[in-house]
Amino acid sequence: MSIPVRPGAARPAAPGTPDPLVPLLDLPGVRDAADAARAGVDRLLGHRVLRRESAGVSTESALRGARASAALAGVDVPLAELRAGSVDDPVVQGALRVSAGLGSMVETWPRAPGQVIARLHVLAAADLADRADLGRPAAHAGPRLAGLFSLATGTTTVPAVLVAALVHGELAALAPFGTADGVVARGAARLTGIARGLDPKAVSVPEVGFAELGRDAYGEALAGYATGTPEGVAAWLVHCCRATEHGALEGLAICESLLRG
């Protein structure tokens, strides 16, 4: 079976031709995992707190997501310290900037993903890379990034959680910038979920889901995806769906904490 995640393979199908991403749903465990992730996020979106405190939940989600994204990059700091503003680590600060900036990129992402990815890198790596290298992917990344951009802008009937997983996997495996690529990949994946209607209120915390499943498991799943084999791709997609479920539970915990005051 050919997995449609390589350069050019994710382009929108011409009228009357099959959706090239649909075969992903037939990989072992993927369909059920995607359905479970959707159900988990839907439970969160139905929480009564979101009728009046959606913005507050989204803000807290961004903070917890930044902490988890930094932890996945190897810098794990207590949430209390992050909330107090006492952490100056450059990886953490980059993750915070990315989380804070996502809201302004939602409308641009489906139209100009290259522009958004460059901006994400500027935010993530401002204190990690030379200024001249910020937002500039390596030359070797060009062809595969073109396929990713087609994926981000194209239409598909495949669930948004899987599209987000593909965006995440492609960017993390490709590492187009050489610095802060994981933070960029997780930011782009969250943007995909928001823009494609999985979590339009940005109240779930998928990064926490990945962190809870474990950094080692995250690395192993990503390595499997990078092989391009059906088994490796399926395992990554299922892992992302499970992380999304966990992230929805984290969003519910935020809602409950606000409900209790």
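Can you give me the Rg/Rh ratio for the range 98-209, using Cα atoms for both radii and the Kirkwood formula for Rh? Walk me through the numbers before you get to the answer.
On the way: Rg = 13.0 Å, Rh = 13.8 Å.
Value, to two decimals: 0.94.
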Q: Sticking with the crude label model, points 7 Å out along Cα→Cβ, report the distance from Arg52 to Arg31 in nm, one decimal please.
A: 4.3 nm
Q) How much length is gained on full extension from Asp216 to Ser86, taking 0.36 nm per residue of separation minus their Cα-Cα distance? A) 44.0 nm
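Per residue Cα convex hull volume for the range 150-205, in cubic angstrom?
Spelled out: Cα convex hull of the range 150-205, divided by residues, is 72 Å³.
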Q. How do Phe210, Phe177, Phe149 rank by accessible surface area computed with a 1.4 Å probe, from largest to smallest?
A. Phe149, Phe177, Phe210
**Q.** Computed FRET value (nearest 0.05) for Ala138 with Ala226, which takes r as the C-beta separation and R₀ as 25 Å
**A.** 0.95
Q.
Assuming 0.36 nm per residue, please report the length gained on full extension of the stretch Thr108 to Lys201 beyond their Cα-Cα distance.
A. 31.8 nm
Q: Using a 1.4 Å probe and ignoring any ligands, DNA or RNA, find the accessible area of Thr157 and quote it in Å² to the nearest 10.
A: 110 Å²
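When you count, for each residue, the other Cβ atoms within 10 Å and take the mean per peptide, how do 190-198, 158-166 rank with the highest first?
Highest to lowest by the protection proxy: 158-166, 190-198.
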Q | Taking the convex hull of Cα positions in the chain, its mean projected area over all directions (nm²) | A | 13.4 nm²
Q) Okay, helix-only estimate at 222 nm for the chain: each DSSP H run of n ≥ 4 adds -39500 (n - 2.57), divide by all residues, round to 500 deg cm²/dmol; what do you get? A) -20500 deg cm²/dmol
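The values are calculated or read from the model by the stated rules, or taken from the named source; none is laboratory data. Predicted model, so just to flag it, every value in this text is computed and none were measured. Cβ atoms come from the backbone with ideal geometry, glycine included; neighbour counts cover every protein chain shown. All accessible areas refer to the heavy atoms of the entire protein, side chains included, with ligands and DNA or RNA removed. Shrake-Rupley method; radii C 1.70, N 1.55, O 1.52, S 1.80 Å.
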